[in-house]
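Peer 1: One structure, pasted below without further comment.
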Amino acid sequence: MRTAYDIIIRPIITEQSMEDMDIKKYVFEVAKDATKVEIASAIEEIFDVRVIKVNTLNVNGKEKRTGAYPKGFTRSWKKAVVKLSEDSKNIEIFENMA
């Protein structure tokens, strides 16, 4: 059985994700086979907050060249945008970034 830490891999820190903190939206990289229900329960378990909505999208790997001939791709991954309820507290790992 997977734990919550197996589902949530890392937070995504970008300018857009920092702006969305004001409306309590947070972005995470998650396991590729994780469902929205699993992601919501993992976020609630780890950070002790209440999740009201989860949006997910698959990010395809980009083509990269490592010289003239060999061509490869960066890895594909899954992104989750989590919306918290208005009465829940903020997630602490994002607090000192802004």
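The values are calculated or read from the model by the stated rules, or taken from the named source; none is laboratory data. Quantities reported herein were computed from a predicted structural model and do not represent experimental measurements. Neighbour counts are summed over all protein chains in view; Cβ atoms, including those assigned to glycine, are modelled from backbone coordinates with ideal geometry. Each accessible area value is taken on the protein alone, full model and side chains, heavy atoms only, with ligands, DNA and RNA left out. Shrake-Rupley method; radii C 1.70, N 1.55, O 1.52, S 1.80 Å.
Peer 1: Open to solvent by 50 Å² or more (accessible area, probe 1.4 Å), part of a strand (DSSP E or B) and at pLDDT below 95: which single residue out of LYS53, LYS64 fits that description?
Peer 2: LYS64
Peer 1: Considering each residue of segment 20-36, count those that are farther than 18 Å from SER88 by Cα and exposed (fewer than 15 other Cβ atoms within 10 Å of the Cβ), and give that number.
Peer 2: Residues in segment 20-36 being farther than 18 Å from SER88 by Cα and exposed (fewer than 15 other Cβ atoms within 10 Å of the Cβ): 3 in total.
Peer 1: Identify all residues within segment 67-92 that are open to solvent by less than 90 Å² (accessible area, probe 1.4 Å), in a loop (DSSP other than H, G, I, E, B) and over 23 Å from ASP48 (Cα atoms); write none if there are none.
Peer 2: The first filter runs over segment 67-92 and keeps only residues open to solvent by less than 90 Å² (accessible area, probe 1.4 Å), leaving 67, 70, 72, 74, 76-85, 88, 90-91.
Next cut, in a loop (DSSP other than H, G, I, E, B) only: 67, 70, 74, 76, 85, 88, 90-91.
Within segment 67-92, GLY67, PRO70, THR74, SER76 meet the criteria.
Every residue, every condition in (1) touching a His at 6+ places or on another chain (Cβ under 7 Å); (2) of a type in the set (Asp, Glu); (3) without any contact (Cβ under 8 Å) to a residue 24 or more places away in the chain, yes or no:
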{"position": "TYR5", "(1), (2), (3)": "no, no, no"}
{"position": "VAL27", "(1), (2), (3)": "no, no, no"}
{"position": "VAL30", "(1), (2), (3)": "no, no, no"}
{"position": "VAL37", "(1), (2), (3)": "no, no, yes"}
{"position": "ALA40", "(1), (2), (3)": "no, no, no"}
{"position": "GLU44", "(1), (2), (3)": "no, yes, yes"}
{"position": "ARG65", "(1), (2), (3)": "no, no, yes"}
{"position": "ASP87", "(1), (2), (3)": "no, yes, no"}
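Peer 1: So, one more: Just for segment 54-88: of the residues that are among the basic types (Lys, Arg) and within 20 Å of GLN16 (Cα to Cα), which one is farthest from the chain's Cα centre (by Cα)? Give the derivation first.
Peer 2: First, pick out the residues of segment 54-88 that are among the basic types (Lys, Arg): 62, 64-65, 71, 75, 78-79, 83.
Okay, now just the ones that are also within 20 Å of GLN16 (Cα to Cα), so 78-79, 83.
Details: LYS78: 8, LYS79: 5, LYS83: 11 Å.
If we take residues in segment 54-88 being among the basic types (Lys, Arg) and within 20 Å of GLN16 (Cα to Cα), then LYS83 is farthest from the chain's Cα centre (by Cα).
Peer 1: Residue by residue through segment 29-45, note down the ones that are under 13 Å from the mean Cα position of the chain (by Cα) and within 13 Å of VAL82 (Cα to Cα).
Peer 2: Of everything in segment 29-45, those that are under 13 Å from the mean Cα position of the chain (by Cα) and within 13 Å of VAL82 (Cα to Cα) turn out to be GLU29, VAL30, THR35, LYS36, GLU38, ILE39, ALA40, ALA42, ILE43.
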